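**Q** Handing you this structure, nothing more for now.
The values are calculated or read from the model by the stated rules, or taken from the named source; none is laboratory data. These numbers were taken from a predicted model, which means no experiment stands behind them. We place every Cβ from the backbone using ideal geometry, glycine too, and count neighbours over all the protein chains shown.
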């Protein structure tokens, strides 16, 4: 296990972060505890969750993942040895998150309520990293983001107003550091600008999707990440399991995410996805690797990635994903991966 500095903080996090979004939906409380026990045994000290989890988000289940983690920490102890990250939902029409609001917003009242509820479920006094799950302003998120659509909307909570709320929560000791998620280069730089100019919290991390099928982070955000020390916490390093190869040629394993929740499949059913995966599988086989090893180590070997967020629904998958980080990365692999990428650029953004 390797440990990297989180942004410009003094915190060191494992290069593998335990993702939790299936706990409470595809995974039981017992499953979650078994995964956390194993992760810690392997040297992982970094857990990532969200008030929204598990996914798919529903009124009946939201917050359940945090509850599983809170119960585990209360039973196992050692809270000071875990770097715990959670997230507050951005703007949405989901009306079940807040007591007195039908639309979630990143304003003072709602963020304060969200933090208090997360701390209660997590059975802790503080969160090490508190992230904005997605922005308050409208963006073309979770779509084919290679096309840009501009939203000229004035009803937006300004970033400096949101950061001021987080500053107060930091002063109260309820959160230690601040991060972004599903954000753009403009959003990161504007947040950094407010942090420096207005004496507001400095954003230390960004959690965006990054994998062999989606390297859009490299176009602008990678430079921001490296020059400004804003750590990338890469989610979906195996593209939601697609980079295991299990969905090739129409495969749809029983109990898999795409089988249980078909709407997740849309991103990985676009033209160009399957040919790209097939090429990466062929490369991995040629180099004596599994496709999971190739996918995980590619992300882990990027200089702007501080930690890869891995998720699993079975212990077998968790063990395979963690062990994948032990393989090496060579100039030859880099050259061959980039050749495939040029032939099949970002088919699943």
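**Q** Could you pull out the residue among 340, 310 that is at pLDDT 95 or above and under 19 Å from the mean Cα position of the chain (by Cα)?
**A** After ruling out the rest, the residue left standing is 310.
**Q** What are the residues in the range 104-116 that are over 14 Å from residue 134 (Cβ atoms) and surrounded by fewer than 21 Cβ atoms within 10 Å (Cβ to Cβ), if any?
**A** 107, 108, 109, 112, 113, 116
**Q** OK, next. For the range 250-349, list the helices (runs of 4 or more DSSP H) that sit wholly inside it and hold at least 3 residues that are touching a residue at least 24 places away in the same chain (Cβ under 8 Å) and out of contact with any strand residue (DSSP E or B) (no Cβ under 9 Å at 6 or more places or on another chain); which are they?
**A** In the range 250-349, the matching helices (runs of 4 or more DSSP H) lie at 273-286, 291-300, 315-323, 331-343.
**Q** Restricting to the range 320-332, and then to whatever is farther than 16 Å from residue 14 by Cα and in contact with a helix residue (DSSP H, G or I) (Cβ under 8 Å, 6 or more places away or on another chain), can you tell me which residue is surrounded by the fewest Cβ atoms within 10 Å (Cβ to Cβ)?
**A** 328
**Q** In the range 117-127, how many residues are touching a strand residue (DSSP E or B) at 6+ places or on another chain (Cβ under 8 Å) and surrounded by fewer than 21 Cβ atoms within 10 Å (Cβ to Cβ)?
**A** Looking only at that region, the number is 3.
**Q** I'd like to know if the range 13-21 contains one or more residues that are modelled with pLDDT of 95 or more and surrounded by fewer than 20 Cβ atoms within 10 Å (Cβ to Cβ). Lay out the reasoning, then the answer.
**A** Let us first name the residues in the range 13-21 that are modelled with pLDDT of 95 or more, namely 13-21.
Those still in the list that are surrounded by fewer than 20 Cβ atoms within 10 Å (Cβ to Cβ) too: 15.
Within the range 13-21, one or more residues are modelled with pLDDT of 95 or more and surrounded by fewer than 20 Cβ atoms within 10 Å (Cβ to Cβ).
**Q** Sticking with this structure for a sec: I'd like the full set of residues that are touching a helix residue (DSSP H, G or I) at 6+ places or on another chain (Cβ under 9 Å) and either loosely packed, with under 14 Cβ neighbours inside 10 Å or not in a loop (DSSP other than H, G, I, E, B) (or both), limited to the range 58-73.
**A** 64, 65, 66, 67, 68, 69, 70, 71, 72, 73
**Q** Filter the range 257-271 down to residues that are touching a helix residue (DSSP H, G or I) at 6+ places or on another chain (Cβ under 7 Å) and closer than 19 Å to residue 314 by Cβ and give me whichever is modelled with the lowest pLDDT.
**A** 264
**Q** Check whether at least one residue in the range 142-154 is surrounded by fewer than 17 Cβ atoms within 10 Å (Cβ to Cβ) and closer than 21 Å to residue 166 by Cβ, and report yes or no.
**A** Checking the range 142-154: not a single residue is surrounded by fewer than 17 Cβ atoms within 10 Å (Cβ to Cβ) and closer than 21 Å to residue 166 by Cβ.
**Q** Could I ask something else about it? Report the residue count in the range 1-12 for those that are more than 19 Å from the chain's Cα centre (by Cα) and either part of a helix (DSSP H, G or I) or surrounded by 20 or more Cβ atoms within 10 Å (Cβ to Cβ) (or both).
**A** Within the range 1-12, residues that are more than 19 Å from the chain's Cα centre (by Cα) and either part of a helix (DSSP H, G or I) or surrounded by 20 or more Cβ atoms within 10 Å (Cβ to Cβ) (or both) number 0.
**Q** Output the residue which, of all residues in the range 33-57 that are touching a strand residue (DSSP E or B) at 6+ places or on another chain (Cβ under 8 Å) and part of a helix (DSSP H, G or I), is nearest to residue 119 (Cα to Cα).
**A** The selected residue is 36.
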